[in-house]
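Here's the structure, in C-alpha cells; my notes come after.
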Amino acid sequence: MTYLAKPKFHHPELPRNKLGFTHRDYEGAVSTLCAGCGHDSISSAIIQAFFELDVAPHRVAKLSGIGCSSKTPTYFLGNSHGFNSVHGRMPSVLTGANLANRDLIYLGVSGDGDTASIGLGQFAHAMRRGVNMVYIVENNGVYGLTKGQFSATADKGSKAKRGAVNGEESIDLVMLALQLGATFVARSFSGDKEQLVPLIRAAVSHQGAALIDVLSPCVAFNNHTGSTKSYEFVREHNDAVNRLDFMPARSEITADYAPGSLGEVVQHDGSILRLRKLHEDYDPSDKLAAMNYLQQRQAAGEIVTGLLYVQPDAEDLHGLLNTVEVALNGLSEKELVPGAAALAKFNASLR
C-alpha cells in the first residue's frame, strides 16, 4: 500500500485557528514511512506551524523531488497545491511556479541526497537568486530508498550498516547556503519540535530564500553484522518464496535542552548526536560571526541548531527582476500579448 487516506470524520470540538480550520485540515494521508522516522516528526512540525500561522491550506504550494523526504508532502497539507518533480530538480520547478504566481506560499521539501548530490546545482541557484521559498532539507546522511549508501552530507569517518567507512568530506548545506547568499538560514533536529515549529513559522514569514536544514534520524539502517535479527541474517537463513522487509516499530527520538546548552541525543543505532543550541543573545544578523561559530563548534564535534542568520530587509527574485505584481494567470490577453510595436521597442532597447 502506498497511500492510506485518513478518515474524514473528527471530533466536532477540535480547536480552530482564526480562519476556522482545525489541525486536521492541515494534515495529509497516513504516513507509510518507517515507524519512528524523523521525517514524520518534521511533517508534524509543518502541520503545527501552518495551523498556528492561520494560513489557508489552498494558499500553499508544496514541491519535492525524489527520496523518502520527497514522499512526505503526501503526509501534510493535503488540501494544498502539490507537485512531485524528478530527482534534484525541485528548485527549478518551484522557481518557475513562483515567477508565474507570487501569491502562493512556496514550500520545497527535499533530502540530503536530493539536494546535496544530484540537486546541488539547483539548490545553489535557488539560494543565490533569492527565490521566495521555504527550503526544508530532511537530512539523515543516507540514501534511504536505495538501502543506506552514504549521501554527500554523511560525516567523514561515519560507518554504514555493513561496516564501510566514509572517507569523503561532508557537504555542510548550512555553510553553503550562507556563502551563496540565502537570507534566512537555520538548522534544527526533527525531535525538537519546540525549536522547529517557530523556525518554520519564521521562515514562512520571511521574504526571500529561507533554508532549514533538519537532522532527521533514519531507523531503517541501524542493524549490525552478527545480529540474528538483522535483515541479512534472516535472508541468509530463510528459504522464502519472496523477499520482504519488515521494519520494527521504533519510538520517535526527541530532544529537550536549554538555549546555549549542549544536548546529546542517542539515535536508534546507538550513535550520538551532539547538538549545541544557540544562546538567546546570539546575533543572527552577523553572517561572518555565524560562519565562524559554525566552524568552531564543528571542530569540537558539535552541531549548532537554531536561527543562524537572517537578513530582515532581504529582496526576493521578483524584486530583482522587477516583475509585475499580478500573478500571470491574472493578466489580460492585451497585457500578455502587447503586440508587434511593443516587441520592436523592447528589441531596440537591447541593441
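The values are calculated or read from the model by the stated rules, or taken from the named source; none is laboratory data. Predicted model, so just to flag it, every value in this text is computed and none were measured. Note that we place each Cβ from the backbone using ideal geometry, even for glycine, and neighbour counts take in every protein chain shown. Just the protein is used for accessible areas: all its heavy atoms, side chains included, with ligands, DNA and RNA removed. Shrake-Rupley method; radii C 1.70, N 1.55, O 1.52, S 1.80 Å.
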### Message
Quick test of your reading of the structure: His10 fulfils all but one of (1) under 19 Å from the mean Cα position of the chain (by Cα); (2) free of Cβ contacts under 8 Å to residues at least 40 places away in the same chain. Name the failing condition by number.
### Response
(1)
### Task
Output yes when any residue across region 283-305 is open to solvent by less than 90 Å² (accessible area, probe 1.4 Å), within 22 Å of Tyr106 (Cα to Cα) and of a type in the set (Ser, Thr, Tyr), and no when none is.
no
### Task
State whether the residues of region 147-170 include one that is under 28 Å from Arg201 (Cα atoms) and either of a type in the set (D, E, K, R) or in contact with a His (Cβ under 8 Å, 6 or more places away or on another chain) (or both).
no
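Condition first: closer than 21 Å to Pro198 by Cβ and not hydrophobic (A, V, I, L, M, F, W, C). Can you find one or more residues in region 2-15 that meet it? If you could, list the steps in order and put the result at the bottom.
Of all residues in region 2-15, those closer than 21 Å to Pro198 by Cβ come to 15.
Filter once more, so that each one left must be not hydrophobic (A, V, I, L, M, F, W, C): 15.
The answer is yes; a qualifying residue exists.
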#### Entry: Residue among Ile136, Ile66 that alone is within 14 Å of the chain's Cα centre (by Cα), in a strand (DSSP E or B), within 25 Å of Cys37 (Cβ to Cβ) and in contact (Cβ under 8 Å) with a residue 40 or more places away in the chain
Ile136
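Does Asn101 satisfy being more than 14 Å from the chain's Cα centre (by Cα) and surrounded by fewer than 20 Cβ atoms within 10 Å (Cβ to Cβ)?
Values: more than 14 Å from the chain's Cα centre (by Cα): yes; surrounded by fewer than 20 Cβ atoms within 10 Å (Cβ to Cβ): yes.
Taking the combined requirement at face value, the residue satisfies it.
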### Query
What is the one condition in (1) out of contact with any strand residue (DSSP E or B) (no Cβ under 7 Å at 6 or more places or on another chain); (2) within 26 Å of Thr153 (Cβ to Cβ); (3) at pLDDT below 90; (4) open to solvent by 70 Å² or more (accessible area, probe 1.4 Å) that Pro338 does not satisfy?
(2)
### Message
Condition (residue is open to solvent by 30 Å² or more (accessible area, probe 1.4 Å) and at pLDDT 95 or above) applied to region 145-156: is it met by at least one residue?
### Response
no
### Of the criteria (1) under 28 Å from Ser44 (Cα atoms); (2) in a loop (DSSP other than H, G, I, E, B); (3) at pLDDT 85 or above, which one Gly270 fails
(3)
### Task
Would you be able to say whether some residue in region 172-191 is modelled with pLDDT of 80 or more and open to solvent by 90 Å² or more (accessible area, probe 1.4 Å)?
yes
#### Entry: Close pairs (7 angstrom Cβ cut-off, 6 or more residues apart or separate chains): more than 22 Å from Glu138 (Cα to Cα) and open to solvent by 50 Å² or more (accessible area, probe 1.4 Å) in region 15-33, part of a loop (DSSP other than H, G, I, E, B) and among the acidic types (Asp, Glu) anywhere
Lys18/Asp54; Leu19/Asp54
